[in-house]
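Laboratory data are not the source of any read-out in this text; all were calculated from the coordinates shown. Keep in mind the model is a prediction, meaning the values are calculated, not measured. So basically every Cβ, Gly included, is an ideal-geometry build from the backbone, and we count neighbours across all protein chains shown.
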Amino acid sequence: MSEKHKVKPASDESKFGQQVGEMAALKLKAQRHATQTVWSGLGMMGLVGWSVVIPTLLGTALGIWIDKHYPGSHSWTLALLAIGLGLGCFNAWHWVDKENREIHNEGDGHD
């Protein structure tokens, strides 16, 4: 028998079958829990986006107000914009990390 036609051991086939089965099960769970629409994906992106935009805009607005009423040598607008952006990015990261953990916990059989 040639090298190409050798039969693989059953253990290799069972490992491959098990991996395929696990991946299929994970995909089916993801499909069950998702609404499978483009609009829901855009909505989720919008939630993450607004979680960055709102603190950034609030920091900028507060900075403009402080610069107008208490002028100084430093720009409060720029400083508070950066702080708001940082807080917003942390907020978005926290949100996405939480969703990621929930997805992976469901994949481990914690239905």
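Observations
- Of all residues in the range 67-97 being more than 16 Å from L57 (Cβ to Cβ) and small (G, A, S), the one that is surrounded by the most Cβ atoms within 10 Å (Cβ to Cβ): S75
- Checking each residue in the range 52-111 for being touching an Asp or Glu at 6+ places or on another chain (Cβ under 7 Å) and among the hydroxyl-bearing types (S, T, Y) picks out S75, T77.
- Selection status of I83, in contact (Cβ under 8 Å) with a residue 12 or more places away in the chain, within 30 Å of K29 (Cα to Cα) and under 22 Å from the mean Cα position of the chain (by Cα): no
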